[in-house]
1. May I ask you to list the residues in region 1-22 that are touching a helix residue (DSSP H, G or I) at 6+ places or on another chain (Cβ under 9 Å) and part of a helix (DSSP H, G or I)?
2. Out of all the residues in region 75-103, which are of a type in the set (D, E, K, R), farther than 17 Å from L8 by Cβ and surrounded by 15 or more Cβ atoms within 10 Å (Cβ to Cβ)?
3. How about region 17-35: which of its residues are of a type in the set (V, I, T) and over 15 Å from C103 (Cβ atoms)?
4. Quick one: would you say M72 is among the hydrophobic types (A, V, I, L, M, F, W, C) and surrounded by 13 or more Cβ atoms within 10 Å (Cβ to Cβ)?
5. Residue by residue through region 137-171, note down the ones that are of a type outside the set (D, E, K, R) and part of a loop (DSSP other than H, G, I, E, B).
6. Taking into account only those residues within region 117-132 that are at pLDDT 85 or above and assigned to a loop (DSSP other than H, G, I, E, B), which is nearest to G34 (Cα to Cα)?
7. If a residue has to be more than 21 Å from L6 (Cβ to Cβ), hydrophobic (A, V, I, L, M, F, W, C) and assigned to a helix (DSSP H, G or I) to count, how many in region 23-62 make the cut?
8. Condition first: at pLDDT below 85 and under 25 Å from E157 (Cα atoms). Now tell me which residues in region 14-54 satisfy that.
Amino acid sequence: IRPVRLTLYPFLIISQTVPLVVIAPLLAIWFGFGWVPKIIMSVIVVFFPVAVSLLEGLQSYDVEMVELMRTMKASRWQIYRMVRLPGAMPAFFAGMKISAAYCVMGAVISEWTGASLGLGIYLSRAMSSFETAALFANIALIVILSLALFGAVSFAEKKAVPWVRARRLQE
C-alpha cells in the first residue's frame, strides 16, 4: 500500500488544485455537450475523497488480527481479503458519503458550462433572469438529489459492513 500511496497521492492532490469551473469548459470542448463531460466531471469530484479514504482505511488495520492470520499461514492475498479490505470499508464508505453530495455539484457545474438540459443550465437561466422561485426550486432539487445519493450510500454501507452498525449501536 505504501508505494501505491506515495505514487498516487501527488496526483490526487494535483487533481484537486485545478478549479472545477476551469475543467468543465475543457471537458465540453473535448467531449461535447452530452453526458460524457458530466460523468467525467462527477468522477473527478468523487475520486479524491474515495481514493484518500480507501488508502487511509487500508493503512489502518488491526495489527493483532494480521499477526493471527500469519500464524495460521495466511497468504498476503488472504490477509488483504479477510482483514485489511474489510477493515478499510468504513473509511471507504465515509469517502463515498462525502462524494455523494459532491458528485451532484460536479454534474451541475458541468451542465452550467455547456449543456442544453439539466439542473445546471436551469440554475444558470434562473440566475440570469432573476427568477428567485426557480432558483430556490433548483437548489431544493439539488439538495434532494444529494440527500438521496447519501441515503443510497448509507443503505449500501449497512448491507456491506453490518458489523459497523452493530458496533455503533453498542456504544
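1. R2, V4, R5, L8, Y9, L12, I13, S15, Q16, L20, V21
2. Correct list: K97 only.
3. Hits for region 17-35 are T17, V18, V21, V22, I29.
4. No; evaluated as a whole, the condition is false for this residue.
5. The one that is of a type outside the set (D, E, K, R) and part of a loop (DSSP other than H, G, I, E, B): V161.
6. S129
7. If we filter region 23-62 for residues that are more than 21 Å from L6 (Cβ to Cβ), which is where we start, we get 23-46, 62.
Adding the requirement that they be hydrophobic (A, V, I, L, M, F, W, C) leaves 23-24, 26-31, 33, 35-36, 39-41, 43-46.
Narrowing further to those that are assigned to a helix (DSSP H, G or I): 23-24, 26-31, 35-36, 39-41, 43-46.
Of the residues in that region, 17 qualify.
8. Scanning region 14-54 gives no hits.
The values are calculated or read from the model by the stated rules, or taken from the named source; none is laboratory data. This structure is a prediction, so every number in the text was calculated from the model and none was measured. FYI the Cβ positions are ideal-geometry reconstructions off the backbone, even for glycines, and counts take in every protein chain you see.
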